[in-house]
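Let me begin by presenting the structure, written as structure tokens, before commenting on it.
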């Protein structure tokens, strides 16, 4: 069995989770802090668009951006000497674009659930908005943020359409697990396809278990906060 699709997928998903984690936090913070509801709705729609678009459509737009004869593609090639299309970087870009909305939505939802009295208290103590974010909002919202990061990892691991459009299906270079499964089935090598399917199912199952553990912790923490508030009210 060729192990390169597994290594490429894990490497791509790992890079995806790092990039989407920080991009998702930044975008969620900006949207939550926005004053205008209309601005929030428009920005939220733009940021979550890849989640509802077919992956091949997202891949088409990426190809129009990063193609060798396209603006960004030419920039990377002429300035940095990097050809994006049909490279490992292309698998990461495709996975990040498709996975980002999951991280962003989870982080935004978690930030919106933070008790505003904690933020007001931090401001009265003289905390800057940046310090409030890192010292107050993020620690409280961390279970939801981690859930989003795990979902982004799983989505990056299973990305197919956008990756095929931008990175192609090059064995040992851009062939991820989903692409390897497709190739093996197309070639009639069902036994090899079964092995890859089993691996991705096991990884996905572990992701679901981890999500359930985090969700249970968040639920217990929420219950403890409510109990504490009721005791204080009495």
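Counting only alpha carbon atoms, the long axis of helix 138-158 and the longest principal axis of the chain meet at about 10°.
Among 155, 123, 105, 38, the ranking by other beta carbons within 10 Å of each residue's beta carbon, starting with the fewest, stands as 38, 123, 105, 155.
Taking neighbour Cβ counts within 10 Å as the exposure measure, how do 132, 98 sort from fewest upward?
Starting with the residue having the fewest Cβ neighbours, the order is 132, 98.
When shorter helices are ignored and each DSSP H run of at least 4 residues is given -39500 (n - 2.57), the per-residue value for the chain at 222 nm works out to -26000 deg cm²/dmol. Restricting the calculation to Cα atoms, the chain shows an Rg/Rh of 1.06 when the hydrodynamic-style radius is the Kirkwood one. Helix 37-52 and the long axis of the chain differ in direction by around 30°, with both axes built from C-alpha atoms. Kirkwood-type hydrodynamic radius, the range 90-183: 15.2 Å, calculated from all non-identical alpha-carbon pairs. How far is helix 177-186 tilted, in degrees, relative to the longest principal axis of the Cα atoms in the chain, given as a value from 0 to 90 rounded to the nearest 10? Approximately 30 degrees, to the nearest 10.
Bear in mind that the values in this text are calculations on the coordinates, not laboratory data. Not measured: the values here are computed from a predicted model. Because the Cβ atoms are built from the backbone with ideal geometry, glycine has one as well, and the counts that use them run over all protein chains shown.
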